[in-house]
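Notes for the one structure printed next.
The values are calculated or read from the model by the stated rules, or taken from the named source; none is laboratory data. Predicted, not measured: the structure shown is a model, and the values here were computed from it. Reconstructed Cβ throughout: ideal geometry from the backbone, glycine too, with neighbour counts over all protein chains shown.
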Amino acid sequence: MDRLLVSAAHKSSGKTTVTLGLAAALSAQGTAVQPYKKGPDYIDPMWLSLAAGRPCLNLDPHLMADEALARCFAQGLPGAGLALVEGNHGLFDGLALDGSTSNAALAHRLGLPVLLVIDVRGMTRGIAPLLLGYQAFDRGLHIGGVVLNRVGGSRHESKLRAVIETYTDLPVLGAVHEDPRLSVVERHLGLVPSSELGDAAARVTRIGHIIGAQVDLDAVRALAARAPALAPGLERPQRTTQRRRPDVRIGIARDRAFGFYYPDDLQALEDAGAELVPFDTLHDAQLPAVDGLFIGGGFPETCLDALEANASLRQEIRQALQAGMPAYAECGGLMYLSRSIRFNGRTAQMVGVIPGDAVMQPRPVGRGYVELEETAAMPWPAAGLARTDAVRAHEFHHSHLQNLDDGQAYAWRVRRGQGIDGLHDGILVHNLLASYAHLRSMAGTDWAARFAGFVRGHRPGRPLPVPLGDTMPASCTAAGLADTSGHVSARLPTSA
C-alpha cells in the first residue's frame, strides 16, 4: 500500500492546505486516496473527506493502544490506492516527553515516508540547518522530501532551492507561492467546518488545482510508493467483534450546528446493534421514531436564531428526555440541551433539560486531552473497566455552564482537564449523560456499546436479536449515514 505522512516543523505551517490539495489533486487523477488525520480533530477530517470522497479516520497514539491504532488504519485501506495521513503540530511534537505520541512515532509504527511542509516566510539560507536538524534528530525516520509553503516569489523560490540542493540531500517536491485563494475561513477551533460553507466543494477543487500545479504529484506518488511492506496486522482489517442485528434506533443530530462525529465511533454504535437515524435540529419540526438520542459536538452558537426558532423540536426533545428517553450529548450537544446559550451579547433559549446556562468565553475554557474517573452514578452498563480506571478522552470548548445546582450528579471525576467545573464532567439528568469530553470507543472506553446497551435496557417490548456471527468487520469501517451537513458520509469499503 502506497502511503505517506504530511508533517511540518510546527503548527500553522500550511500542512492542512497542502494535504487537502494533494488529496483533491490525486483524486482528480483517478487515485483512490484514503485520508487520515493524526490526533483529535473533527474539522480537518471534514475537509479531507470532501477532497478524497472517502471518510477520513483519526489516528490517535495517545488515546489508542497500538493494536487499536493498527486496526483503525487497516480498516481504511480496502479499495484505496494511497493512504494520506495529515500530522498535527510539528513532526516531533507530542504529549509524551519520549516522543511516543509524536507524528514521527506514528510514521515509524505505520511505515510512513514523511513529506515535510516548511513555512518559508522570511527564510533563505536558514532553511538548511532546520532541515539538517530534523534529519539528524531521528536517523531512522525516512524524510523523503520537502514542500516549500508560502513562497514569496520566483526569486525567493530559486534561493531556497539552491540552498537546499547545496547543503542537504532532500529533494524539493513542490513550492507553493503565497496565494489568498488557498485560505480557508478560520474560527476559534481552527477551520470553519466544510458543512457551513455552500461553496466548500468549489474551494476544495480550486485548492487541488493550485497545489497540483505547484507540487510534483508524480514525485509525491513515487515517495509514497517507497513505503516498506505493511507490517503484520496491517494488511487486512482484523475482526474482533461480532455485529448485532439492529434492535435499537438512535437519533443522531446531523446538520450545520452538529457535525462532530468520528466514523469509527458511529460504526461501533452500528456494530452494537444501533440503527442511526439522522435528524436536523435546525429544520425538523419533530424527532424521528427513535429509542435514544446522540447529539455530538459542533458550533450551536453560530446557529442560535435557527435553533431557538425551532421551538417544536426543542419542546419534543425536552419532553422525550424528561419522560426517560436515553440520550448522550457531547460539548455542543450539551450546550443545546441546556436552558440557554449566551454568545456575543445575545441569549437564546435552548432545550432546557440541563439545569444550567452555557456562556461562550473569548478564550478556551477546556482544550486538549482529559483523564476521567467514573463515579458510582455512571448509569451505563460496565465494560470490564473498574470505576477507578482512567478514561481517556479530549475536550475543545470555549463555553462553560453557569447556574448549576450544588447537588448535580456527574458520571465522571476529572483527573486531568476542565470538564464542567474542573472537578466533574458528565452531567446526569433523567437518562441523559452530557459532557464536554469527547469519547473514543477505540480508546478502550467501549462507550458506543455501553450506550447502545443502556438504550436497549430502557426500551421495553423487543427481544434481543441473535448475533449475525463473525461476518462483519470490527469497528472503524465508518457509518453510512444520510448526511444533511454537506460533507462525505460514504461507508468505507470492507474486506472480503
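Data overview
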{"quantity": "Cβ pairs under 8 Å, 6+ apart, first in the stretch 280-296 and free of Cβ contacts under 8 Å to residues at least 40 places away in the same chain, second part of a loop (DSSP other than H, G, I, E, B)", "calculated": "Leu282/Asp255; Leu282/Arg256; Leu282/Ala257; Leu282/Asn310; His283/Asp255; His283/Asn310; Asp284/Asn310; Ala285/Asn310"}
{"quantity": "Residue that is farthest from Ala358 (Cα to Cα), among those in the stretch 291-317 that are of a type in the set (Val, Ile, Thr) and buried (at least 22 other Cβ atoms within 10 Å of the Cβ)", "calculated": "Ile317"}
{"quantity": "Boolean, Asp98 is closer than 25 Å to Pro40 by Cβ, acidic (Asp, Glu), in the same structural domain as Leu173 (by TED's automatic domain parsing) and at pLDDT 95 or above", "calculated": "no"}
{"quantity": "The stretch 1-32: number of residues that are among the aliphatic types (A, V, I, L, M), surrounded by 24 or more Cβ atoms within 10 Å (Cβ to Cβ) and in contact with a strand residue (DSSP E or B) (Cβ under 7 Å, 6 or more places away or on another chain)", "calculated": "8"}
{"quantity": "Qualifying positions in the stretch 250-308 - aromatic (Phe, Trp, Tyr) and over 16 Å from the mean Cα position of the chain (by Cα)", "calculated": "Phe279, Phe294"}
{"quantity": "Test: residue in the stretch 114-136 that is touching a Phe, Trp or Tyr at 6+ places or on another chain (Cβ under 6 Å), surrounded by fewer than 24 Cβ atoms within 10 Å (Cβ to Cβ), not assigned by TED's automatic domain parsing to the domain that holds Phe260 and not aromatic (Phe, Trp, Tyr)", "calculated": "yes"}
{"quantity": "Search result, residues across the stretch 405-426 that are assigned to a loop (DSSP other than H, G, I, E, B) and more than 13 Å from Tyr436 (Cβ to Cβ)", "calculated": "Asp405, Asp406, Gly407, Gln408, Ala409"}
{"quantity": "Subset tally (residues that are assigned to a loop (DSSP other than H, G, I, E, B) and either farther than 21 Å from Ala65 by Cβ or touching a strand residue (DSSP E or B) at 6+ places or on another chain (Cβ under 8 Å) (or both)) for the stretch 94-128", "calculated": "11"}
{"quantity": "Number of the condition not met by Pro228 [criteria: (1) over 30 Å from His430 (Cβ atoms); (2) in a helix (DSSP H, G or I); (3) in contact (Cβ under 8 Å) with a residue 40 or more places away in the chain]", "calculated": "(2)"}
